Amino acid sequence: MSPQYLDYLETHISDPSLGTLLRLADALGTTLLELQGGDQERPPGQGQAPYHPRLRDLGEQECRALLSTHGVGRVSLTTPHGPAVFPVNYEVAGEAIAFRTAPDAAPAAAVGNDVAFEVDHVDDAMSRGWSVLAVGRARAVTDPDAVRRLDDQAHTAPWPGGRRTLWVSIGVDRLTGRRITAADDV
């Protein structure tokens, strides 16, 4: 398979033939089921480590670019029962990270506290991935215009459904990230 065709498969919506998928799975040392995402119920990271892995720190600009892809991240905070991590749908709002929750839901306990927010991507089939960590103080967004702007720019509705009327904004004090690839990846 030519590298150009493989690049096309990775970057475009396509419908490769079964033979192409089988050859690709074999070349990657994986199964057709894993290549097609049939192993989605397993936690990520159970694939093989890349050949000659390379772990590198990400700069702030690259971290911000990865954060801006939106989706689901995890907010980590200290609760009366100890540390806890909660998945949340999030938005990047200027220099801050914002998420919606219900005022009585567990993630609302972030308000007024220092928290960590993490988002990542793991590609088991290609044995690569990245992780971005933001640390800062969380506050409730109470200004009606700011709430309206966040509501208007939201890319998704919160997955848990129901009324999520409290926007929480995390002011980013520290932003770090790392990416793992094979050493021969550019």
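The values are calculated or read from the model by the stated rules, or taken from the named source; none is laboratory data. Keep in mind it's a predicted model, so treat the numbers as computed, not measured. A quick note on method: Cβ atoms are made from the backbone with ideal geometry, for glycine too, and the neighbour counts reach across all protein chains shown. Surface accessibility is based on the protein's heavy atoms, side chains included, excluding ligands, DNA and RNA. Shrake-Rupley method; radii C 1.70, N 1.55, O 1.52, S 1.80 Å.
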Requested in this report: Among the residues of segment 83-128, write down those that are closer than 30 Å to residue 52 by Cβ, open to solvent by less than 30 Å² (accessible area, probe 1.4 Å) and touching a strand residue (DSSP E or B) at 6+ places or on another chain (Cβ under 9 Å).
Outcome: 119, 127
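For the condition under 17 Å from the mean Cα position of the chain (by Cα) and not aliphatic (A, V, I, L, M), what is the one hit in 142, 165, 156? Before the answer, list the steps.
Working: 142 fails: under 17 Å from the mean Cα position of the chain (by Cα); 165 fails: under 17 Å from the mean Cα position of the chain (by Cα).
Testing whether each residue is under 17 Å from the mean Cα position of the chain (by Cα) and not aliphatic (A, V, I, L, M) leaves just 156.
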Report summary line: Restricting segment 136-167 to residues that are among the β-branched types (Val, Ile, Thr) and over 15 Å from residue 90 (Cβ atoms), the one modelled with the lowest pLDDT turns out to be 165
Requested in this report: Kindly list the number of the only condition in (1) under 26 Å from residue 61 (Cβ atoms); (2) of a type in the set (Val, Ile, Thr); (3) free of Cβ contacts under 8 Å to residues at least 60 places away in the same chain that fails for residue 97.
Outcome: (3)
Report summary line: Note on residue 84: of the conditions (1) under 14 Å from residue 179 (Cβ atoms); (2) without any contact (Cβ under 8 Å) to a residue 40 or more places away in the chain, unmet is (1)
Report summary line: Considering segment 1-30, residues that are assigned to a loop (DSSP other than H, G, I, E, B) and closer than 15 Å to residue 123 by Cβ, and then whichever is least open to solvent (accessible area, probe 1.4 Å), we arrive at 30
Query raised in the report: What are the residue pairs meeting all of these: first residue in segment 101-116, first residue at negative phi, second residue open to solvent by less than 50 Å² (accessible area, probe 1.4 Å) and of a type in the set (Ser, Thr, Tyr), Cβ atoms under 6 Å, and 6 or more apart or on different chains?
Result: 107/101; 108/101; 109/79; 116/76
Query raised in the report: residue 132 fails exactly one of the following numbered conditions: (1) surrounded by fewer than 15 Cβ atoms within 10 Å (Cβ to Cβ); (2) modelled with pLDDT of 95 or more. What is the number of that condition?
Result: (1)
Report summary line: Filter segment 69-82 for residues that are under 19 Å from residue 137 (Cα atoms) and of a type in the set (S, T, N, Q); the one that is surrounded by the most Cβ atoms within 10 Å (Cβ to Cβ) is 76
Report task. Just one of (1) part of a loop (DSSP other than H, G, I, E, B); (2) over 30 Å from residue 11 (Cα atoms); (3) open to solvent by less than 40 Å² (accessible area, probe 1.4 Å) trips up residue 163, so point out which. Result -> (3)
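Return a yes/no flag: does segment 53-63 have any residue that is modelled with pLDDT under 80 and either loosely packed, with under 11 Cβ neighbours inside 10 Å or more than 24 Å from residue 165 (Cβ to Cβ) (or both). Write out each step before concluding.
Kept after step one, since they are modelled with pLDDT under 80, are these residues of segment 53-63: 53.
Going one step further and asking which of them are either loosely packed, with under 11 Cβ neighbours inside 10 Å or more than 24 Å from residue 165 (Cβ to Cβ) (or both), we end up with 53.
Taking every residue of segment 53-63 in turn, at least one turns out to be modelled with pLDDT under 80 and either loosely packed, with under 11 Cβ neighbours inside 10 Å or more than 24 Å from residue 165 (Cβ to Cβ) (or both).
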